[in-house]
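*Asks:* Here's a structure for you.
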Amino acid sequence: MGKDEPAIPIYSINAVSDMTDVPVTTLRFWEKRYGLIKPVRTEGGHRLYSREDVERIKWLSDKIEKEGLRAREAHMLLARKLVEEGTLAKEPDLRSAIMIMVAEKDPFTADLEEYFLKQEGYDVLIVRDGAKAVSEAEEKQPDLIILDIILPGLNGLKVCKRLKDNGKTAHIPVIVFSMLNARDRALAAGADAFLLKPIDKTRLIEIAKNMLLTGTAERTN
């Protein structure tokens, strides 16, 4: 019994959140997006996690919070680890799980960005205001953020600074994309790159790919 105990699903999602300091919404999101940690479901649909699940979630959290990895990178390392342990037969292809968050007030520009990015095979999350951009970045852990300056509630420069000052989001590359000629202010707020509107598909995709490949981009316009 003791040998099998780590694999027995006994912990609720709220208990796991308390044990690992990972928000419930993030646990659900990781399960849906990466599928490496899959809790058992009760007849009533409630998630139950095992001790092994909890330890793997703690491992992921340490990689993200202490080593500065992006969530996708941490899950790729976990997949490799599980293959080496014999838990997984082969590493899943997590490349299609790349997510780019677009914080954009203008619906037309947001639709264009989403269209261009999805053509390249990326998942796209659209948010319309600054406060939502901050909360969604922390919860969803996108691989890249494209951020307008003119946003309701909290302007993009303040959003960028909050993201870069927050240990949970500081590692996420940020492109500030605006009609305002505010390159210096954007870079001072911590942006990795600045693009001036109107949208240029080729340049947008070029910088986005560079950021996703290296984790950063040249601090450029």
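*Asks:* Go through the stretch 111-136 and report how many residues are outside any helix (DSSP H, G or I) and among the hydroxyl-bearing types (Ser, Thr, Tyr).
*Replies:* Of the residues in that region, 1 qualify.
Residues checked against (1) closer than 24 Å to Val124 by Cβ; (2) surrounded by fewer than 17 Cβ atoms within 10 Å (Cβ to Cβ):
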{"residue": "Tyr11", "(1), (2)": "no, no"}
{"residue": "Thr20", "(1), (2)": "no, no"}
{"residue": "Trp30", "(1), (2)": "yes, no"}
{"residue": "Tyr34", "(1), (2)": "yes, no"}
{"residue": "Glu43", "(1), (2)": "no, yes"}
{"residue": "Arg47", "(1), (2)": "no, no"}
{"residue": "Arg72", "(1), (2)": "yes, no"}
{"residue": "Arg80", "(1), (2)": "no, yes"}
{"residue": "Thr87", "(1), (2)": "no, yes"}
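*Asks:* Which one of the conditions (1) over 21 Å from Val22 (Cβ atoms); (2) within 18 Å of the chain's Cα centre (by Cα) does Glu65 fail to meet, given that it meets all the rest?
*Replies:* So Glu65 meets the others, but not (1).
*Asks:* In the stretch 96-110, is there at least one residue being outside the structural domain of Ser178 (by TED's automatic domain parsing), assigned to a loop (DSSP other than H, G, I, E, B) and out of contact with any helix residue (DSSP H, G or I) (no Cβ under 7 Å at 6 or more places or on another chain)?
*Replies:* No, the stretch 96-110 contains no residue that is outside the structural domain of Ser178 (by TED's automatic domain parsing), assigned to a loop (DSSP other than H, G, I, E, B) and out of contact with any helix residue (DSSP H, G or I) (no Cβ under 7 Å at 6 or more places or on another chain).
*Asks:* Would you check which residues across the stretch 89-131 are basic (Lys, Arg), over 14 Å from the mean Cα position of the chain (by Cα) and closer than 25 Å to Leu69 by Cα and list them?
*Replies:* Of the residues in the stretch 89-131, the ones basic (Lys, Arg) are 90, 95, 105, 118, 128.
Next cut, over 14 Å from the mean Cα position of the chain (by Cα) only: 90, 105, 118, 128.
Residues satisfying the conditions are Lys90, Lys118.
*Asks:* When the residues of the stretch 14-70 are filtered to those that are in a loop (DSSP other than H, G, I, E, B) and touching an Asp or Glu at 6+ places or on another chain (Cβ under 9 Å), which remaining residue is farthest from Ile98 (Cα to Cα)?
*Replies:* It comes out as Ser50.
*Asks:* So, one more: From the list Lys118, Lys81, Lys38, Lys32, pick out the single residue that is assigned by TED's automatic domain parsing to the domain that holds Phe177 and of a type in the set (D, E, K, R). Spell out how you get there, then give the answer.
*Replies:* On the way: Lys81 fails: assigned by TED's automatic domain parsing to the domain that holds Phe177; Lys38 fails: assigned by TED's automatic domain parsing to the domain that holds Phe177; Lys32 fails: assigned by TED's automatic domain parsing to the domain that holds Phe177.
Result of the check over Lys118, Lys81, Lys38, Lys32: Lys118.
*Asks:* Do the conditions hold for Val134, that is, is it within 19 Å of Ile64 (Cα to Cα) and out of contact with any Phe, Trp or Tyr (no Cβ under 8 Å at 6 or more places or on another chain)?
*Replies:* In short, yes.
*Asks:* So which residues in the stretch 155-188 are touching a Leu at 6+ places or on another chain (Cβ under 8 Å), closer than 16 Å to Ala131 by Cβ and part of a loop (DSSP other than H, G, I, E, B)?
*Replies:* Within the stretch 155-188, just Thr169 meets the criteria.
*Asks:* Checking Val174 against (1) within 23 Å of Thr26 (Cα to Cα); (2) surrounded by 20 or more Cβ atoms within 10 Å (Cβ to Cβ); (3) among the aliphatic types (A, V, I, L, M); (4) touching a residue at least 60 places away in the same chain (Cβ under 8 Å): exactly one of these is not met. Which one?
*Replies:* That leaves (4) as the condition not met.
The values are calculated or read from the model by the stated rules, or taken from the named source; none is laboratory data. Fair warning: this is a prediction, and the values are worked out from it, not measured in the lab. Cβ sites come from the backbone with ideal geometry, for glycine too, and all protein chains shown count toward neighbours.
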